[in-house]
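Data first, discussion second: the structure below is written as structure tokens.
The values are calculated or read from the model by the stated rules, or taken from the named source; none is laboratory data. The structure presented is a predicted model; accordingly, all values stated were derived computationally and were not measured. Here the Cβ positions follow ideal geometry from the backbone for every residue, glycine too, while neighbour counts run over all protein chains shown.
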Amino acid sequence: MAKLAKIIDISVPIYNGMVVYPGDFGASIEPFRQIARGDAANLSRLKLGSHTGTHVDAPRHFVEGREPVDQLPLDVLVGEARVLDLTTVERQISPADLENAGIGAAARILLKTSNSRLWADPVFSKEYVSLSNEAADFLVERGSRLVAIDYLSVERFHPDGHHVHHALLSASVVVVEGVNLSAVEPGDYQLVCLPLKIRDADGAPARAVLIK
């Protein structure tokens, strides 16, 4: 008998009052129709920003005129991925940190940091671990196709010039932010990360899973 694959959901739930990046539109989920009020079915009204919870950044997010989220190639969003253990990094991930964690030749990289514990706190933390400018350049130079991190931004809070986003997205490296890797061991997996197909959008919430 074939061994069943293990599927790990690395998405965070979307709910009223969830943590969002400061200045972003918060999530609002409210009943629009309810069986309890005599309606034929339950139906909710959703209001949320394009970068709510687990989400994909398309190049258009920071580079005007570049690919929107509905035009991202699916073969980047689905495929072999490597989870790197960076839980000992205190603030910014360097190229040496990536190499020491065993990045190898993996095209899709998921950065497991101490950030994953922050999801238990509804208050946004500015003290999260992020990529350094040098690490972003390193990922571009080595031909990375996708990088994911376990909090709401891949770069430090309110950086001058947003070098990390510009470097990655200008090189068509897809950025996935807001995953939760607390229950994931470092190693190799199959990633499936599909954002909502919103026409011409700069990004979109996604359901992301790892398959072992």
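The conditions are (1) closer than 23 Å to residue 185 by Cβ; (2) in contact with a helix residue (DSSP H, G or I) (Cβ under 8 Å, 6 or more places away or on another chain), and residue 8 fails exactly one of them. Which is it?
(2)
Taking the condition of being within 22 Å of residue 166 (Cβ to Cβ) and buried (at least 17 other Cβ atoms within 10 Å of the Cβ), how many residues in the stretch 108-132 meet it?
Just the residues of the stretch 108-132 that are within 22 Å of residue 166 (Cβ to Cβ), to begin with: 108-111, 113, 115, 126, 128-132.
Keeping just the survivors that are buried (at least 17 other Cβ atoms within 10 Å of the Cβ) gives 108-111, 113, 115, 128-132.
Total meeting the criteria: 11.
How many residues are outside any loop (DSSP other than H, G, I, E, B) and under 24 Å from residue 114 (Cβ atoms) if we restrict to the stretch 170-201?
Pass one, the stretch 170-201, residues outside any loop (DSSP other than H, G, I, E, B): 170, 174-177, 187-195.
So of that shortlist, the ones also under 24 Å from residue 114 (Cβ atoms) come out as 174-177, 187-189, 191, 193.
Adding up the residues that qualify gives 9.
Yes/no per residue for (1) of a type outside the set (Val, Ile, Thr); (2) touching a strand residue (DSSP E or B) at 6+ places or on another chain (Cβ under 7 Å); (3) modelled with pLDDT under 95:
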{"position": "134", "(1), (2), (3)": "yes, no, no"}
{"position": "138", "(1), (2), (3)": "yes, no, no"}
{"position": "158", "(1), (2), (3)": "yes, no, yes"}
{"position": "201", "(1), (2), (3)": "yes, no, no"}
{"position": "211", "(1), (2), (3)": "no, yes, no"}
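Could you grab me the full set of residues in the stretch 97-107 that are in contact with a helix residue (DSSP H, G or I) (Cβ under 9 Å, 6 or more places away or on another chain) and surrounded by fewer than 20 Cβ atoms within 10 Å (Cβ to Cβ)?
Just the residues of the stretch 97-107 that are in contact with a helix residue (DSSP H, G or I) (Cβ under 9 Å, 6 or more places away or on another chain), to begin with: 97-99, 103, 107.
99, 103, 107, listed by residue number.
Yes or no: the stretch 183-192 includes at least one residue that is closer than 22 Å to residue 26 by Cα, surrounded by fewer than 22 Cβ atoms within 10 Å (Cβ to Cβ) and modelled with pLDDT of 95 or more. Write out each step before concluding.
Start the filter on the stretch 183-192 by keeping residues that are closer than 22 Å to residue 26 by Cα, which leaves none.
No, that holds for no residue.
Just the residues that are farther than 17 Å from residue 102 by Cα and among the hydrophobic types (A, V, I, L, M, F, W, C), please, taken from the stretch 144-159.
We begin by selecting, within the stretch 144-159, every residue farther than 17 Å from residue 102 by Cα; these are 150-159.
Those that are farther than 17 Å from residue 102 by Cα and among the hydrophobic types (A, V, I, L, M, F, W, C): 152, 154, 157.
Residues that are free of Cβ contacts under 8 Å to residues at least 24 places away in the same chain: list the strands (runs of 3 or more DSSP E) wholly contained in the stretch 1-47 that include at least 3 such residues.
On the way: elements: 7-9, 28-33, 43-47.
The strands (runs of 3 or more DSSP E) meeting that bar are 28-33, 43-47.
Of all residues in the stretch 29-79, count the ones that are more than 21 Å from residue 194 (Cα to Cα) and exposed (fewer than 12 other Cβ atoms within 10 Å of the Cβ).
Qualifying residue count for the region: 13.
Which residue out of 204, 167 is part of a strand (DSSP E or B) and closer than 21 Å to residue 21 by Cβ?
Values: 167 fails: part of a strand (DSSP E or B).
Result of the check over 204, 167: 204.
Within the stretch 54-151, considering only strands (runs of 3 or more DSSP E) that don't extend past its boundaries, which have at least 1 residues that are of a type in the set (Gly, Ala, Ser)?
Values: elements: 55-57, 78-85, 108-112, 146-149.
Qualifying strands (runs of 3 or more DSSP E): 78-85, 146-149.
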